[in-house]
1. Could you run through the range 193-228 and say how many residues are touching a helix residue (DSSP H, G or I) at 6+ places or on another chain (Cβ under 7 Å), β-branched (Val, Ile, Thr) and either within 16 Å of ligand 1 (Cβ to nearest atom) or at pLDDT below 95 (or both)?
2. Out of 209, 215, 201, 231, which single residue is closer than 20 Å to residue 72 by Cα and of a type outside the set (S, T, N, Q)?
3. Pairs under 6 Å by beta carbon, first residue assigned to a strand (DSSP E or B) in the range 219-232, partner open to solvent by 70 Å² or more (accessible area, probe 1.4 Å), six or more apart or different chains?
4. Which one is farthest from residue 177 (Cα to Cα), of the residues in the range 76-101 that are of a type outside the set (A, V, I, L, M) and in contact with a helix residue (DSSP H, G or I) (Cβ under 6 Å, 6 or more places away or on another chain)?
Amino acid sequence: MNNRDILAVSCRGLTKTYGAGETQVQALRGVDLEVYPGELLMLVGPSGCGKTTLISVIAGILDADDGDCVLYGRNLRQCSRNEIVVYRGQNVGFVFQAFNLVPTLSAAENTAIPLLINGIKMAEALARAQERLREVGLGGRENALPTQLSGGQQQRVAIARALVHNPRLVVCDEPTSALDHQTGRRVMEALKSLAIRQDRATIIVTHDARIFEFADRIAHMDDGRILDIEANHKH
Ligand code: ADP
Ligand code: MG
């Protein structure tokens, strides 16, 4: 099979319940979702509807109770925990709402982390990190600590870090919600210019209607299910 024929993400019947008894919460109630290589899919829906749970399962951070999640032809359910950790380290990049930068590390050191996890030597990792930082418009700020950067700059460091190891799947959880409009657009432009490649897919969870225009498709989720998916015709 040609690589392009393989879906980036294929989820079938994913379920996930947290807790037990009266405090039980059914976060996913049978999610089917396909994401194509080269596309930017946004996932929207009310708070608590299961968005973070879904992308955590897709990214291999969290196990579903039932159902299948296949990333580029690899069924995570048939992998050991250890295989998932290695696969994720090589193939998945994350951007979180709260940036999650290590406060005692510089922008370049934070960005280099996924490369170090993959066994790249420090000097090369830092060189590649600096290149990514330039691509997100942070050339010259490589040695700054997170506290010395604005929110938008910190989020662009987080994007550089998520993409530094050329992952095939980029997953972002509300990456612009802590940012003002202008800064949010800058962050989306950085993400879009780096993340969109034919061999890559990007999923962005967002409440932020101001960035919908960047999506190829928008999946609407409620109460643990995907209700519908619309193509963005403005695009
Ligand atoms: P969203 O990202 O759409 O706001 P989440 O996936 O975070 O939704 O949560 C879906 C539901 O699962 C919510 O009711 C939330 O309270 C619950 N939930 C999420 N994580 C946990 C957890 N670790 N333990 C118990 N309940 C959780
Ligand atoms: Mg969430």
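The values are calculated or read from the model by the stated rules, or taken from the named source; none is laboratory data. Keep in mind that what you see is a predicted model, and the values were worked out from it rather than measured. Virtual Cβ from ideal backbone geometry, glycine too; neighbours counted across all protein chains shown. Each accessible area value is taken on the protein alone, full model and side chains, heavy atoms only, with ligands, DNA and RNA left out. Shrake-Rupley method; radii C 1.70, N 1.55, O 1.52, S 1.80 Å.
1. The total comes to 4.
2. Working: 209 fails: closer than 20 Å to residue 72 by Cα; 215 fails: closer than 20 Å to residue 72 by Cα; 231 fails: closer than 20 Å to residue 72 by Cα.
Only one candidate qualifies: 201.
3. Close Cβ pairs (under 6 Å, with a partner that is open to solvent by 70 Å² or more (accessible area, probe 1.4 Å)) amount to 220/227; 220/228; 225/29.
4. Our first condition is that a residue be of a type outside the set (A, V, I, L, M); within the range 76-101, this holds for 77-83, 87-91, 93-94, 96-97, 99-100.
Then drop every residue that is not in contact with a helix residue (DSSP H, G or I) (Cβ under 6 Å, 6 or more places away or on another chain), which leaves 89, 93-94, 99.
Details: 89: 26, 93: 19, 94: 15, 99: 11 Å.
Going through the qualifying residues, I end up with 89.
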